[in-house]
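Some notes on the structure that comes next.
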Amino acid sequence: MRRASAAEGTGPDPLTVAGVAIQPALGVPEISASTREIPLFLPIFPTLAAEPTKLRLEVLREGQPVADVSPTVPAPEPNGEIAWIGGLPAASLPPGRYEIVATVRQGVESAEARAAFEITSATSAAAEAIRPK
């Protein structure tokens, strides 16, 4: 996810979740090293089973785990879907390419999604911002 902000307007919009407008990132997102949190949006489609839905987020660098968190998953919406919006702390991640592995479990069922991102040094991000286009 590139950005999340307060949603405006009234009609149904698939990029508006719980009053938050989601702006997806295309390609491999580049995140400045000065960014404190990596914004994430994960749609979850639980089964009808009674078991709770659990989420695990793992951050890998060159295939090796560097962070692992299990955030709380909200209750499903009336339509049965869960829109998880959150973030991962980025301050401790040095510049480089990373992968987030999101694993959702509910009883014996599980699903996994992966997304890549790159942390860029603050100086290269500043240089890019002032580069003529």
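Determine whether Gly27 is loosely packed, with under 13 Cβ neighbours inside 10 Å, modelled with pLDDT of 85 or more and under 15 Å from Arg114 (Cα atoms). It is false that Gly27 is loosely packed, with under 13 Cβ neighbours inside 10 Å, modelled with pLDDT of 85 or more and under 15 Å from Arg114 (Cα atoms). Of all residues in region 96-123, those that are in contact (Cβ under 8 Å) with a residue 40 or more places away in the chain and outside any strand (DSSP E or B) have Cβ atoms under 8 Å from Cβ atoms of residues that are surrounded by 13 or more Cβ atoms within 10 Å (Cβ to Cβ) and among the aliphatic types (A, V, I, L, M), 6 or more apart or on another chain, in Ser121/Ala33; Ala122/Ala33.
The residue that is surrounded by the fewest Cβ atoms within 10 Å (Cβ to Cβ), among those in region 66-75 that are part of a loop (DSSP other than H, G, I, E, B) and touching a Lys or Arg at 6+ places or on another chain (Cβ under 8 Å), is Ser70. Selection within region 1-24: residues that are assigned to a loop (DSSP other than H, G, I, E, B) and charged (D, E, K, R). The member of this set that is modelled with the highest pLDDT is Asp13.
The values are calculated or read from the model by the stated rules, or taken from the named source; none is laboratory data. Because the structure is predicted, anything quoted here is derived from the model rather than measured. Glycine gets a Cβ as well: all are built from the backbone with ideal geometry, and neighbour counts include every protein chain shown.
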